[in-house]
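Heads up, the thing below is written out as structure tokens.
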Amino acid sequence: MNATRKWILHRISAIILAPLFVWLYFSFLSLSKKNYQEAIYFFENPLFTILTIILFLVGFFHIKISLNEIFEDYIHNKKIKDVANILALILSIITPVIILILLIYKI
Amino acid sequence: MKDNQNPISPHLQIYRWHISSLLSITHRISGVVNLLALILIFFWLLTLSIGENNYELFLLAINSFFGKFILIGFTWSMCFHVLSGVRHLAWDMGYGFEIKTANISGIIIIISSLVVTIIFWLLGRGLV
């Protein structure tokens, strides 16, 4: 991915994430005082399930680009930087995939 | 050659903090904290899908004193990162670069992130 495209996608993902994050935090805080049944009931709404999945997919995409930038600035050893970038890539693929599976099949 | 007496810049121990630099590094740190928050939300969904007993345990943990402390911190981190992100987007479009404007928008973001955190917490936790 070239730098300009990366830069633009980073901004676009930020714009998508801002409202989603506000919504998810608000829901999470409300549900943190309620019981199991109410949390399950919350995710019976397919819209909320889809929004959560989008948040994790776009969120970890945003995180991956951000982590690459941070590693670029602070890690000077090229080998360590490459390993760190690979770990960031794995984290940002695995987490949303697990969330996708959990929300679609388990809840 | 004699020792060069020129100051080494930017040198963190003698660096005078400005609102711009403070907010710049806080934006990064809050971003990393948001990653931790997202991982906590990941565990929230994980325990929710594993079953009621695990979920009750998770609720117990986040409703403890330490848990609430973490939740408030995560909420502030999210509010700050979103607000500061809007400021960055304005800069990306070429607005607000004057030193005075940047300082004022910085102060607005610090104060509003605290206010929004309080509102969020009160409404979200049903305390109002």
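Looking only at residues that are surrounded by 15 or more Cβ atoms within 10 Å (Cβ to Cβ) and either basic (K, R) or more than 8 Å from every other protein chain (Cβ to nearest Cβ) (or both) in the stretch A:32-50, which one is farthest from A:F60 (Cα to Cα)?
Restricting to residues being surrounded by 15 or more Cβ atoms within 10 Å (Cβ to Cβ) and either basic (K, R) or more than 8 Å from every other protein chain (Cβ to nearest Cβ) (or both), the top hit is A:F42.
Considering only residues that are surrounded by fewer than 13 Cβ atoms within 10 Å (Cβ to Cβ) and within 14 Å of chain A (Cβ to nearest Cβ), which ones fall in the stretch B:96-118?
none
Got at least one residue in the stretch B:119-127 being at pLDDT below 95, touching a Lys or Arg at 6+ places or on another chain (Cβ under 8 Å) and among the charged types (D, E, K, R)? Outline the logic, then answer.
Let us first name the residues in the stretch B:119-127 that are at pLDDT below 95, namely B:119-127.
Okay, now just the ones that are also touching a Lys or Arg at 6+ places or on another chain (Cβ under 8 Å), so B:125-126.
Now drop any that are not among the charged types (D, E, K, R), which leaves B:125.
Yes, there is a match, as at least one residue in the stretch B:119-127 is at pLDDT below 95, touching a Lys or Arg at 6+ places or on another chain (Cβ under 8 Å) and among the charged types (D, E, K, R).
From the residues in the stretch A:86-107 that are surrounded by 16 or more Cβ atoms within 10 Å (Cβ to Cβ) and out of contact with any Ser or Thr (no Cβ under 8 Å at 6 or more places or on another chain), which one is nearest to the other protein chains (Cβ to nearest Cβ)?
Of everything passing the filter in the stretch A:86-107, A:T95 is nearest to the other protein chains (Cβ to nearest Cβ).
State which residue is farthest from the other protein chains (Cβ to nearest Cβ) when the search covers only the stretch B:81-95 and only residues that are of a type outside the set (A, V, I, L, M) and under 14 Å from A:L17 (Cβ atoms).
Among those that are of a type outside the set (A, V, I, L, M) and under 14 Å from A:L17 (Cβ atoms), it is B:S84.
Kindly provide the set of residues from the stretch B:56-79 that are hydroxyl-bearing (S, T, Y) and either buried (at least 20 other Cβ atoms within 10 Å of the Cβ) or under 14 Å from B:A37 (Cβ atoms) (or both), ordered by number.
Within the stretch B:56-79, B:T75, B:S77 qualify.
For the stretch B:19-33, give me the residue count where each residue is within 8 Å of chain A (Cβ to nearest Cβ) and touching a residue at least 24 places away in the same chain (Cβ under 8 Å).
Number of matching residues: 1.
Evaluate the stretch A:8-20: report whether one residue or more is within 9 Å of chain B (Cβ to nearest Cβ), more than 19 Å from A:L102 (Cβ to Cβ) and charged (D, E, K, R).
Yes: one or more hits.
Here is a list: A:K64, A:K79. Which entry is in a helix (DSSP H, G or I), in contact with a helix residue (DSSP H, G or I) (Cβ under 8 Å, 6 or more places away or on another chain), at pLDDT 95 or above and among the charged types (D, E, K, R)?
Result of the check over A:K64, A:K79: A:K64.
Run B:N34 past the list (1) over 30 Å from B:I107 (Cβ atoms); (2) crowded, with 18+ Cβ neighbours inside 10 Å and report the number of the one that doesn't hold.
For B:N34, the exception is condition (1).
Restricting to the stretch B:39-71, name every residue that is assigned to a helix (DSSP H, G or I) and more than 10 Å from chain A (Cβ to nearest Cβ).
Residues satisfying the conditions are B:F43, B:L57, B:L60, B:A61, B:F65, B:F66, B:F69, B:I70.
Would you be able to tell me the number of residues in the stretch B:96-128 that are touching a residue at least 60 places away in the same chain (Cβ under 8 Å) and either small (G, A, S) or not in a helix (DSSP H, G or I) (or both)?
Number of matching residues: 2.
The values are calculated or read from the model by the stated rules, or taken from the named source; none is laboratory data. This one's a predicted model, so the numbers in the text were calculated from it and none came from an experiment. All Cβ positions, glycine included, derive from the backbone under ideal geometry; neighbour counts span all protein chains shown.
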